[in-house]
Amino acid sequence: MSIYLHFRAVSESDIQDDHTWLAAFMSEAWESDDEYAAGIAHSISKSWDAVNDLYAAAESLSADAEESWNLPIYGGRPVPHNAGADPSDPPMMFLEPAGVSQAAQFLTSVSFDELWNVVGARFSALGRPRQEYLAHHRDLQGFYERAASAGHAVVKVVWA
């Protein structure tokens, strides 16, 4: 079974704060290779929780990181389902532009090598290769930098 965390950068004025509307919007974006090529969409297959664990290591490196390390993956507020909605509708989060800027700042200021020094032995023992997480980190850095520069929010949805 494939499961993904899908990210989409978008201007707040271009969306509706409604789960049904956002699910349709994100579904359309999910199908668009153009959005990935333009750098306004990103996704992580299955391992996003481990990427979050990598970023959690920042707490042991800097007291300043305790608020921002969770923004790239799980940051934002949950988008509640509408009354009578299908319970199988995907879970979604909405990260406002200020949070996107904080996430971008965290990702550009944290050292991947220092994070890996904290979690690398545990990750390697679980068969999680360093290069895979370095690639996730670099991709998220670029995604959040572009979104923050544009003043965009980020919508996140879990697709199964």
Next on the checklist: Using only the alpha-carbon atoms, how far is helix 130-150 inclined from the longest principal axis of the chain? Give it as 0 to 90 degrees, nearest 10.
Outcome noted: 50 degrees
Checklist entry - Which whole-Hz couplings ³J(HN,Hα) result when phi for each residue of the range 115-124 is put into the Karplus expression 6.51 cos²θ - 1.76 cosθ + 1.60, θ = phi - 60°, listed in order with x for Gly and Pro? => result 4, 5, 4, 7, 10, x, 4, 5, 5, 4
Checklist entry - If you put +1 on each Lys and Arg Cβ and -1 on each Asp and Glu Cβ, how big is the dipole of the chain around its Cα centre, in Debye rounded to 20? => result 480 debye
Checklist outcome for this item: Exposure proxy check on Val110, Val100: fewest-to-most Cβ neighbours within 10 Å is Val110, Val100
Item to check | Cα long-axis angle, helix 97-109 against the chain (0 to 90 degrees, to the nearest 10) | outcome: 20 degrees
Checklist entry - Once you sort the root eigenvalues of the Cα gyration tensor of the range 78-142 as a ≥ b ≥ c, which label holds: rounded (a/c under 1.5), prolate (a/b larger than b/c) or oblate (the other case)? => result oblate
Checklist entry - Amide H neighbours of Met92 under 5 Å, counting only residues 5+ apart in sequence or on other chains, H built in-plane at 1.01 Å? => result Val79
Next on the checklist: Helix-only mean residue ellipticity at 222 nm, the chain, DSSP H runs n ≥ 4 weighted -39,500 (n - 2.57), per residue, nearest 500. What is it?
Outcome noted: -15500 deg cm²/dmol
Checklist outcome for this item: Most fluctuating of Ser68, Ser149, Ser47 in the GNM of the chain (C-alpha, under 10 Å) is Ser149
Next on the checklist: How large is the direction-averaged shadow of the alpha-carbon convex hull of the range 1-150, in nm²?
Outcome noted: 9.6 nm²
Checklist outcome for this item: Cβ density ranking, 10 Å radius, fewest first, applied to Arg128, Arg8, Arg77 yields Arg77, Arg128, Arg8
Next on the checklist: Through the Karplus equation 6.51 cos²θ - 1.76 cosθ + 1.60, θ set to phi - 60°, convert the phi angles of the range 15-31 into ³J(HN,Hα) values in whole Hz; use x for Gly and Pro.
Outcome noted: 10, 10, 7, 8, 4, 4, 5, 5, 4, 5, 4, 5, 5, 5, 5, 4, 7
Item to check | Over the range 4-159, relative contact order from alpha-carbon pairs under 8 Å, at least 6 apart, % | outcome: 37 percent
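Each reported figure results from applying straightforward, stated rules to the coordinates on display, with no laboratory input. This structure is a prediction, so every number in the text was calculated from the model and none was measured. Ideal geometry is used to build each Cβ from the backbone, glycine not excepted, and the neighbour counts take in all protein chains shown.
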